[in-house]
Amino acid sequence: MYNLVIIDDEPLIRQGLRAIIDWSSYDIELCGEADNGIDGLRLCQELKPDVAIVDIKMPGLNGLQVIEQSKKLGLHIDFIVLSGYSEFAYAQKATEFGVRCYLLKPIEQTEIIQKIKLFREEWKDRYKEKEELKEARSLLMEQKIIQLMTGDSVIGTKEDEKQVAAYLHLPWHSYVILLVDNEGRDMEPGELNGLVASVRAWLQGADINGIAFVFRRYICILAEMVTVQDLRDGILAAAQQHRLNLVVTVGEQVDKLPKINVSFESAYSVMKDKFFMEKTDGFVIAQSRKEPARSLPSGDALKHFAEKAASAICLGSHADILRIVSSAESWMLSLGWQENQIKASYIALYTEITSILFQMDDKMKAVFPTLQETVEGIEGKMMLPALRLYIEQLLHELLQQWVKEKKNNNFANIVAYIHTHFASELKLESLAEQFHYNRTYLGKLFKTQTGISFNAYLDQVRIDKAKLLLSGGAKVYEAASLVGYSSVDYFHLKFKKIVGIAPSVYREKWR
């Protein structure tokens, strides 16, 4: 809409101008009236209308004086002059001030409409040019801010500094950079532009000193003082409209504009680690990394976690699964691993867990998810909390399948117990008592289920564990003790019998 003011000391003239023309049909809004030149000039300063209909003879200031002062103030207004005087001097003076429409009273409706139509075409061009200049200036200022923000260059001249300060209405009390990204994929250009427009509207509506623009794949906000909560309240609806899961990081507050590179670097460094962030109320916000685990398992850590998880699955303990996944995650974070390393380790962990379970019962291969499905599920998780939840759910599903298949088969629990307690003094008698079996029957059951005796099975499990320890660098006597052999010589005999070479030779081979 274009704005119009009417300045005339005759009430009937003002009333007639309001009534004889349907201004809205020409996209014009009557936004103010004045009955004297002084108030009329004030209206022009405050409202900056596109067009003003002004009388020549008025108290305070006459119409020509209003036009002259408006030009001196730099106001771009098209004036339509109304006059009861046809003298050439008035028309000549109005022409000197750039007036192109000089009408004599009484006014003809068609004359005003004709002039308005002509002005409207010029206004369209003027507004288009104005918007283009505004956009060009905005882009120029954004470029200067980006150069400051990234440290590519500094503001070189006092004139540049004045331009940026004027554009941002500086100085501010403080300066902070916020970066906004999408949780999964990169935002499309239309989504970026739509969200930037929402952020700008929010900044203006909330009366927050700030500017929003697109930088690389992010929406960047430079503001005086704003929090993630403020931003969430302002643009969450727009994010949901575009079906975006936004990630927001807040940089360090600085006290001067040239220091915003410090704020940007702190926000950007956190954004690079967005995989490790937590989601809150539809936004992902920065979270500190977890503290390193206090005590880490010796030997092959992933195999250690896999054995514990397999045991928890066999025993039907969901609580133990949650604890094991949490411990594994803490261990990975303590090593400073990044997203790809953590995902690869979870894939390896799942593979080892299923391998242990398949050794106990290869029929489970038919009911467990395929490795490909699992890998795709893990790779598709963009945030560590979501990945952790997926792993927990995955292992819980394994637990349910295992319990479903084994609910009438207590022998699997015995096997699982051996795999987790192999280092203790296991005896067939103690196992029979613990699991409520007759000793002789349990011995026969072992032979039937595994094809070997209990003692041979226990030796096989222990030697398999010893091989892992030796390949990881453990000494022979350490491996013997850790897997349950009190005599190194006896361990040596058992190892060579099962593996075919001495434990020291096996260790050297892997070392």
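The values are calculated or read from the model by the stated rules, or taken from the named source; none is laboratory data. Here the structure is a predicted model, which means the values were calculated and not measured. Cβ coordinates were reconstructed from backbone atoms using ideal geometry, including for glycine residues, and neighbour counts include every protein chain displayed. For accessibility, only protein heavy atoms count, side chains too; no ligands or nucleic acids. Shrake-Rupley method; radii C 1.70, N 1.55, O 1.52, S 1.80 Å.
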Checklist outcome for this item: Over the Cα atoms of segment 385-511 the radius of gyration and the largest Cα-Cα distance (Dmax), both in Å, equal 17.5, 49
Checklist entry - Among 341-353, 119-131, what's the highest-first ranking by average C-beta atoms within 10 angstrom per residue? => result 341-353, 119-131
Next on the checklist: Per residue of segment 112-129, what does 6.51 cos²θ - 1.76 cosθ + 1.60 with θ = phi - 60° give for ³J(HN,Hα)? Whole Hz please, x for Gly and Pro, Karplus curve as stated.
Outcome noted: 5, 4, 4, 5, 4, 4, 5, 4, 4, 4, 5, 5, 4, 5, 5, 5, 4, 5
Item to check | Only Lys, Arg (+1) and Asp, Glu (-1) charged, at Cβ; segment 405-448 dipole about Cα centre in debye | outcome: 180
Checklist entry - FRET efficiency for residue 126 and residue 95, Cβ-Cβ distance as r, R0 = 22 Å, nearest 0.05? => result 0.60
Checklist entry - Can you give the angle from 0 to 90° between the axis of helix 318-334 and the longest principal axis of the chain, with both taken from C-alpha atoms, to the nearest 10? => result 70
Item to check | Rounded FRET efficiency, nearest 0.05, which uses the C-beta distance separating residue 338 from residue 413 and R0 of 30 Å | outcome: 0.20
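Report, in debye and to the nearest 20, how large the dipole of the chain comes out about its Cα centre when Lys and Arg carry +1 and Asp and Glu carry -1 on their Cβ.
Taking the Cα centre of the chain as origin, the dipole is about 3160 debye.
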Checklist entry - Just the C-alpha atoms of the chain: what Rg/Rh do they give, with Rh taken as the Kirkwood radius? => result 1.31
Checklist entry - Residue-wise, which Karplus ³J(HN,Hα) couplings in Hz belong to segment 499-507, taking 6.51 cos²θ - 1.76 cosθ + 1.60, θ = phi - 60°, and x for glycine or proline? => result 8, x, 9, 5, x, 5, 5, 4, 5
Item to check | Cα centroid separation, segment 433-492 to segment 187-210 (Å) | outcome: 66
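Hey, what did the chain get for relative contact order, percent, Cα under 8 Å, at least 6 apart? Mind showing how you got there, number by number?
Values: 634 pairs, mean separation 41.0, N = 511.
The value is 8 percent.
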Item to check | Separation of alpha-carbon centers, segment 246-264 and segment 24-56, rounded to whole Å | outcome: 44
Checklist entry - Does segment 162-212 come out rounded, prolate or oblate, given a ≥ b ≥ c as the square roots of the eigenvalues of its C-alpha gyration tensor, rounded meaning a/c under 1.5 and, failing that, prolate meaning a/b above b/c? => result prolate
Item to check | Helix 260-272 vs. the chain, principal-axis angle (Cα, 0 to 90°, nearest 10) | outcome: 40
Item to check | Other-chain or far-sequence residues with amide H under 5 Å of residue 100's (modelled H) | outcome: 79
Item to check | Protection-proxy order for peptides 216-226, 432-442, each taking the mean of Cβ atoms within 10 Å per residue, highest first | outcome: 216-226, 432-442
Checklist entry - If you take the square roots of the eigenvalues of the alpha-carbon gyration tensor of segment 1-125 and sort them as a ≥ b ≥ c, do you get rounded (a/c under 1.5), prolate (a/b over b/c) or oblate? => result rounded
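Mind putting a number on the dipole of segment 374-511 about its Cα centre? Charges go on the C-beta only, +1 for Lys and Arg and -1 for Asp and Glu, and I need it in Debye to the nearest 20. Before the final figure, lay out the partial values.
Numbers: 19 positive and 13 negative charges, 79 e Å.
So the magnitude is around 380 debye.
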Item to check | With every protein chain in place, the chain: carbon and sulfur % of accessible area (1.4 Å) | outcome: 50
Checklist outcome for this item: Of 475-482, 503-510, ordering from highest average Cβ density within 10 Å down gives 475-482, 503-510
Checklist entry - Roughly how many whole Å is it from the C-alpha centroid of segment 352-401 to that of segment 111-125? => result 72
Checklist entry - How much accessible area does residue 405 have with a 1.4 Å probe, in Å² rounded to the nearest 10? => result 100
Checklist outcome for this item: The ³J(HN,Hα) series, computed from each phi in segment 447-454 with the Karplus coefficients 6.51, -1.76 and 1.60 at θ = phi - 60°, rounded to the nearest Hz and given as x for glycine or proline, is 5, 5, 6, 10, x, 9, 6, 4
Checklist entry - Nearest 10 degrees, 0 to 90: what angle lies between the long axis of helix 339-360 and the longest principal axis of the chain (Cα atoms)? => result 30
